[in-house]
Structure formats: C-alpha cells, structure tokens
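Where a number appears in this text, it was derived from the coordinates with a stated rule and is not lab data. Note that the structure is a prediction, hence the values are computed from the model and not measured. With ideal geometry, Cβ positions are generated from the backbone for all residues, glycine too; neighbour counts draw on all protein chains shown.
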Amino acid sequence: MLLGLMNKHEGELMGEMIGEVLEVEANDKENAIGEFLRVKVKIDIRKPLMRGVTLDVGGGEQEKMKWCPLVYEYLPDFCYTCRLIGHTDRSCEV
Ligand SMILES: [Zn+2]
C-alpha cells in the first residue's frame, strides 16, 4: 500500500474486494504499522488470487483510481504462475 492510504479504513475497503475482512492491523490512530498495511482476509482458495486491487483515492470529489499490488502471507503451496493454491511454480502444468 502507498503512503496516504495506509489506514484501517482503506484496509477494510481493500479487503472487502478480495474476500471477507477478519482483521486490519493498525495502531491506536488507525494507521498501518510499518511499511505495509496488513489485512487478514478470508478467501475462497478455489479461485485464483488477485494480484492487486484498484482503489479510489480521490477522496470522493474526483475519481482517482490507484492500483495497489497485494502480497500474500501464510499461503500453503501457492503457485505464482497460475495463482492457484495446492501446488508450487515448479510443479505447475500451465
Ligand atoms: Zn500453477
């Protein structure tokens, strides 16, 4: 996530685009801790994972869409080639 939109609210918006939001990591000022905004999201692993999401960072007045790349943690055998869980790049048939 980029500077300026690393807060709890943006994390929730982003998480809702990829699944069911369980938790957004933030400090008591509702800002992200560290370089990345970490969001715990429940996702359907049978579907390919999204590489990122497009967020409106214009603040409502003007539309300003920003591409936010996603990095996934704690994935079992995730294939970055076809974006499916269950095997790794080396054993990918794609
Ligand atoms: Zn694969």
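Key figures for this structure:
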| read-out | value |
| --- | --- |
| Angle in degrees between helix 8-18 and the longest Cα principal axis of the chain, rounded to the nearest 10 | 30 |
| Gaussian network model of the chain, Cα within-10 Å springs - most flexible of 83, 38, 46 | 46 |
| Most mobile listed residue (12, 30, 73) in the chain, GNM with C-alpha springs under 10 Å | 73 |
| Relative contact order (%) - the stretch 8-91, alpha-carbon pairs under 8 angstrom, separation at least six | 21 |
| C-alpha center-to-center spacing [the stretch 60-91, the stretch 9-35] in angstrom | 16 |
| Size of charge dipole - the stretch 8-91 - debye, nearest 20, with Cβ of Lys, Arg +1 and Asp, Glu -1, no other charges | 400 |
| Pairs beyond 21 Å (Cα-Cα), from 42/64; 8/42; 8/29; 29/64; 8/66 | 42/64; 29/64 |
| Where labels lie 7 Å past Cα in the beta-carbon direction, separation of residue 94 and residue 47 in nm | 1.5 |
| Dipole axis of the stretch 8-91 (+1 Lys, Arg; -1 Asp, Glu on Cβ), positive-most option in 48, 68, 32 | 48 |
| Zone residues, the stretch 20-51, relative to residue 68, backbone N less than 17 Å from point 7 Å out along Cα-to-Cβ | 20-27, 29-43, 50-51 |
| Extension reserve of the residue 36-residue 83 stretch, reckoned as 0.36 nm per residue once the Cα distance is removed | 14.8 nm |
| Cβ-Cβ FRET estimate between residue 29 and residue 75, R0 fixed at 25 Å, reported to 0.05 | 0.25 |
| Ranked list, fewest to most other Cβ atoms within 10 Å of each Cβ, for 47, 66 | 47, 66 |
| The chain - mean residue ellipticity at 222 nm from DSSP helices (-39,500 (n - 2.57) per run, n ≥ 4, rounded to 500) | -3500 deg cm²/dmol |
| Ratio Rg/Rh, restricted to the chain and using Cα atoms, in which Rh is the Kirkwood radius | 1.02 |
